[in-house]
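Here the structure is laid out as structure tokens; the discussion comes afterwards.
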Amino acid sequence: MADITRRLGWRHLRGAPTAHIRHHRDGQLLHDGPGLSFWYRALSAALSEVPVDDRELAMTFHARTSDFQDVAVQATVTYRVSDPALAAARLDFSVDPDTGVWRGAPLEQLGTLLTETAQQHALDVLARTTLASALVDGVAAVRERVAAGLAAEPRLPATGIEVVAVRVVALRPEPEVERALRTPAREQIQQEADRATYERRAVAVERERTIAENELASQIELARREEQLVEQRGTNARREAEEHAAADAVRAGAEAARSVKLAAAEAERSVRLARAEAEAAREVGQARAQAQAAWLAVHVEVDVATLHALTGTRLAENLPSIDSLTVSPDVLTGLLAKLGMRAPDGNRDRGQDRDRDRGQDRDRDRGQDRDRDRDRT
């Protein structure tokens with residue numbers, strides 16, 4: 001839209017480089033071109049503004065295929081006004097001198113013209129194409145047909161319109177049909193995914209089987225080696241037992257020989273000791289016999305009183321402790337006789353008889369003592 005400024009009844013217009021301005025006054029063309037700037041009077045000026053830049057026209061329309069399926073076509077047409085004078089003559093591009101706003105809707109007219117023309121050619125193509133083919137190759141076919149149809153349309157050059165490019169964005173069926181069409185593809189994709197899963201699982205099972213076989217082979221090899229180890233250990237233990245047995249036999253032989261030698265030495269020593277003891281006992285016996293004989297010989301020559309005194313002495317040495325002693329008249333008489341005291345004759349005779357009896361008793365006791373000593377020897 002042109003920029004219009006008011007000054008004291010005059011108007012100043014300043015156009016854009018992409019807008020072609022045409023200024024008429026009294027039927028005469030005063031200004032004609034893009035990007036103009038000039039003063040004019042609103043009451044006598046007739047202004048037209050034609051855009052000369054490239055414009056995008058997006059369009060969406062429905063079409064029916066040969067198998068009676070509805071599809072939505074989304075396309076974009078790029079166009080521009082190549083002849084502004086012709087376009088201004090065929091379409092209403094006039095603007096208000098006071099505001100610079102288009103009095104009509106020329107761009108909507110161009111959009112309707114281009115949309116209907118493109119739709120006509122697209123419907124012609126899709127009406128002879130099945131839905132599956134349209135979804136596969138319809139975009140290219142519709143684009144080529146629409147571009148060719150717009151280029152061959154005589155009204156567009158007559159209006160000063162030039163089509164720059166045609167783009168078909170998408171061909172979409174109805175949502176239900178699209179979901180139905182997606183189902184086989186989804187199923188096929190799912191089948192491929194399942195097949196890939198099964199193959200992966202089969203590969204995993206095969207690898208697990210290989211791993212299990214390897215583990216089993218390893219276990220078998222380990223068991224075989226353990227068997228060899230046990231056999232070798234048994235051989236070693238047997239050899240060790242044989243070595244121990246041989247060593248024990250040698251040790252036992254040595255111990256037996258030493259025991260025999262020790263026993264022989266001990267027997268010889270025992271024999272020697274026994275002989276020495278026997279010899280010593282014999283010599284002791286002989287010495288005792290000689291001593292006893294000498295002792296007896298000594299006592300034969302001693303008188304009875306002395307023997308009585310010796311007997312009392314020996315008896316006193318061998319008796320236990322005596323707390324009290326009772327002396328009879330007979331004993332006192334004998335003692336007094338030893339001390340040289342005289343007694344009456346009757347008493348002296350009786351005392352001699354008792355002394356003789358005691359001497360015989362002592363001789364008998366002495367003989368018994370000798371027999372006991374001989375038995376002990």
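The values are calculated or read from the model by the stated rules, or taken from the named source; none is laboratory data. Model, not experiment: these values are computed from the prediction. Glycine also receives a Cβ, built like all others from the backbone with ideal geometry; neighbour counts cover every protein chain displayed. With ligands, DNA and RNA removed, areas are computed over all heavy atoms of the protein, side chains included. Shrake-Rupley method; radii C 1.70, N 1.55, O 1.52, S 1.80 Å.
Shape class of the range 74-150 from the alpha-carbon gyration tensor: prolate, with a/c at 1.5 or above and a/b greater than b/c. For the peptides 144-152, 236-244, residues were scored by their other Cβ atoms within 10 Å and the scores averaged per peptide; the highest-first order is 144-152, 236-244. Within the accessible surface of the range 166-215, defined with a 1.4 Å probe on protein heavy atoms only, the carbon and sulfur portion equals 53 percent. Calculated FRET efficiency, Gln228 to Arg207, Cβ-Cβ distance, R0 = 22 Å: about 0.10 to the nearest 0.05. Packing order of peptides 127-136, 213-222, highest average first: 127-136, 213-222 (average count of other Cβ atoms within 10 Å over each peptide's residues). Using a Förster distance of 22 Å, how high is the FRET efficiency between Phe38 and Asp98, based on the Cβ-Cβ distance and rounded to 0.05? Using R0 = 22 Å, I get an efficiency of 0.90.
Taking 7 Å steps out from each Cα toward its Cβ at Glu277 and Thr60 produces label points 14.0 nm apart.
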